[in-house]
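Here's the structure we're looking at; comments come further down.
The values are calculated or read from the model by the stated rules, or taken from the named source; none is laboratory data. Since this is a predicted model, take the numbers as computed values, not measurements. Quick reminder, even Gly has a Cβ in these numbers, built from the backbone with ideal geometry, and neighbours come from all protein chains shown. When the accessible area is computed, the model is the full protein with side chains, heavy atoms only, and any ligands, DNA or RNA have been set aside. Shrake-Rupley method; radii C 1.70, N 1.55, O 1.52, S 1.80 Å.
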Amino acid sequence: MKNKNFAQSVVCACRGIACGFRQERNFKIYTGIAAVFLALNVLTSSGLYDYILLLALSCGVFAAEYINTAVERLCDRFCTEENGDVRFAKDVSAAAVLVMGIAFFGAEGAVLLSNISGMLS
């Protein structure tokens, strides 16, 4: 069923955000990790671009996890038996989350190390 207008699309997207947080444990974990990095950025006096990077990478991780969740749900719903293509789709969508997570931790780690070394010198 296609949405009739932009407002309906936004409502559906907000419902999807809420469903992800209610039903998937990983969203709560990612929120906690992002909150820890936010606190560390505040404590180390990060600049504007550090916060922009945190926001962009956090959103990237969440977007990848939403896509992964959708792929897994569809695969599980329509294919109940072992299937190589389904396994491939689920593994690749999970890999997208992992790649974004590596980028998130790597970039945030570099920001924090830079801030801490600047504080010490």
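Numerical summary
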| read-out | value |
| --- | --- |
| Residue satisfying condition, being more than 15 Å from the chain's Cα centre (by Cα) and closer than 29 Å to L38 by Cα, within set V86, V97, V111 | V111 |
| Tally of residues being open to solvent by less than 60 Å² (accessible area, probe 1.4 Å) and either more than 26 Å from F105 (Cα to Cα) or assigned to a loop (DSSP other than H, G, I, E, B) (or both) across the range 11-25 | 3 |
| Tally, over the range 26-77, of residues that are over 12 Å from the mean Cα position of the chain (by Cα), assigned to a helix (DSSP H, G or I) and not small (G, A, S) | 20 |
| Number of positions in the range 101-117 that are under 16 Å from Y30 (Cα atoms) and of a type in the set (V, I, T) | 1 |
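Residue-wise test of (1) open to solvent by less than 40 Å² (accessible area, probe 1.4 Å); (2) closer than 30 Å to L120 by Cα; (3) touching a Ser or Thr at 6+ places or on another chain (Cβ under 7 Å).
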position	(1), (2), (3)
S45	no, yes, no
L54	yes, yes, no
V61	yes, no, no
R73	no, no, no
V92	no, no, no
V99	no, no, no
